[in-house]
1. Kindly indicate whether any position in the stretch 59-66 is part of a strand (DSSP E or B), closer than 14 Å to L88 by Cα, small (G, A, S) and in contact with a helix residue (DSSP H, G or I) (Cβ under 9 Å, 6 or more places away or on another chain).
2. Given the conditions (1) among the basic types (K, R); (2) surrounded by fewer than 18 Cβ atoms within 10 Å (Cβ to Cβ); (3) within 30 Å of V253 (Cα to Cα), which single one is not true for K45?
3. Looking only at the stretch 62-89, how many residues end up being free of Cβ contacts under 8 Å to residues at least 40 places away in the same chain and in contact with a Gly (Cβ under 7 Å, 6 or more places away or on another chain)?
4. Based on this model, can you work out whether T83 counts as surrounded by fewer than 16 Cβ atoms within 10 Å (Cβ to Cβ) and closer than 20 Å to T154 by Cα?
5. How about the stretch 107-123: which of its residues are modelled with pLDDT of 95 or more and loosely packed, with under 14 Cβ neighbours inside 10 Å?
6. Which residue pairs have Cβ atoms closer than 7 Å, lie 6 or more positions apart in sequence or on different chains, and pair a first residue in the stretch 101-119 that is free of Cβ contacts under 8 Å to residues at least 24 places away in the same chain with a second residue that is among the aliphatic types (A, V, I, L, M) and surrounded by fewer than 17 Cβ atoms within 10 Å (Cβ to Cβ)?
7. Return the pair list, or none, for Cβ contacts closer than 6 Å from residues in the stretch 141-157 that are closer than 25 Å to R122 by Cα to residues that are surrounded by 15 or more Cβ atoms within 10 Å (Cβ to Cβ) and of a type in the set (F, W, Y), at least 6 apart or on different chains.
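The values are calculated or read from the model by the stated rules, or taken from the named source; none is laboratory data. What you see is a predicted model, and the numbers here were worked out from it, not measured in a lab. Every residue, glycine as well, gets a Cβ built from its backbone with ideal geometry; the counts of neighbours run over all protein chains shown.
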Amino acid sequence: MILATDWIPFGRGVRVVETHACGLIAVEKPDGILSHPNPGEVAEKGTVLISGNYSLEEEAFHVRDGQGGIRRVYLLNRLDSPTSGVLLLCLDEALAAIVRKMFSRSQVSKKYMALIRGRGLRSPRGTWQDQLLKSKGPGGGVRSETGAGAPAVTVYQWLRASTGSLPLSLIQLEPRTGRTHQLRVQTSTHGHPILGDRTYGDFDFNKTVGSARGFKRLFLHAESTHLSFDWQGEKIDFKASAPMPKEFEEALVSDEEPKGKGPKGPRRGAGTPVSPRLRIRL
């Protein structure tokens, strides 16, 4: 019997982390991979979550199922290209509608890990409440800024400071709303921009602390997603997680010696197969 994860042509380094018999699929997206192709652009092979035709109207990839047919793989949420971590997919249109509505109503629990500037916060745990206004950025892209806009609420928790020389802290972020670039804007607004953020971050900090030592990514990672709902008479409790990328730990223990002078191992997830093949039966 063919399994769903056998015929879905995932992009480079994308890894299945959890599935459910109802058709939910959780994958871990590496940084630098698009959640879906940008309209009007031809993406390089392997740089999109799934290879195949994508319908913006359906929010679904059209993929050959290995049996001569075309199946839809519905994208249930998104991550910015520089952000790594858990994304949800499903194979059923009705299920997609239910889960997307939960996301829109902030009924899905999401936790992120981030490396921020500074060794501490004013309070080790608290809530950021802002208003974010979405606008067009340079080149037609979307960006957000604080102002008279939609409410943005995030619960934060300081976890630990770096043990090396870099002035960094590891924090956990739980967004209670889902605004565009919410976590990136709020960390910056409250004085602790995320390392490697080229849009909302501290550019001098990124250069001297990040890229000078070989850390070229955005240090934001969707660690876990959890949702519970009723589906066809059954209570579904679905949780998926993806461990913190090794680059985070490397930055937290980094000393003054710049990266890149010695041999460097492969980046976590790069070039790895889409495994394990978790069981969704068709």
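1. Looking for residues that are part of a strand (DSSP E or B), closer than 14 Å to L88 by Cα, small (G, A, S) and in contact with a helix residue (DSSP H, G or I) (Cβ under 9 Å, 6 or more places away or on another chain), one finds at least one in the stretch 59-66, hence yes.
2. All conditions are met except number (3).
3. Residues that pass the stated criteria total 1.
4. Working: surrounded by fewer than 16 Cβ atoms within 10 Å (Cβ to Cβ): no; closer than 20 Å to T154 by Cα: yes.
Judged against the criteria, T83 is not a match.
5. Q107
6. none
7. Once the first residue is closer than 25 Å to R122 by Cα and sits in the stretch 141-157, its partners that are surrounded by 15 or more Cβ atoms within 10 Å (Cβ to Cβ) and of a type in the set (F, W, Y) give T154/W128.
Matching residues to (1) in the same structural domain as P151 (by TED's automatic domain parsing); (2) assigned to a loop (DSSP other than H, G, I, E, B); (3) free of Cβ contacts under 8 Å to residues at least 12 places away in the same chain:
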{"position": "T177", "(1), (2), (3)": "yes, yes, no"}
{"position": "R184", "(1), (2), (3)": "yes, no, no"}
{"position": "T187", "(1), (2), (3)": "yes, no, no"}
{"position": "T199", "(1), (2), (3)": "yes, yes, no"}
{"position": "K207", "(1), (2), (3)": "yes, no, yes"}
{"position": "G210", "(1), (2), (3)": "yes, no, no"}
{"position": "R217", "(1), (2), (3)": "yes, yes, no"}
{"position": "H221", "(1), (2), (3)": "yes, no, no"}
{"position": "S224", "(1), (2), (3)": "yes, no, no"}
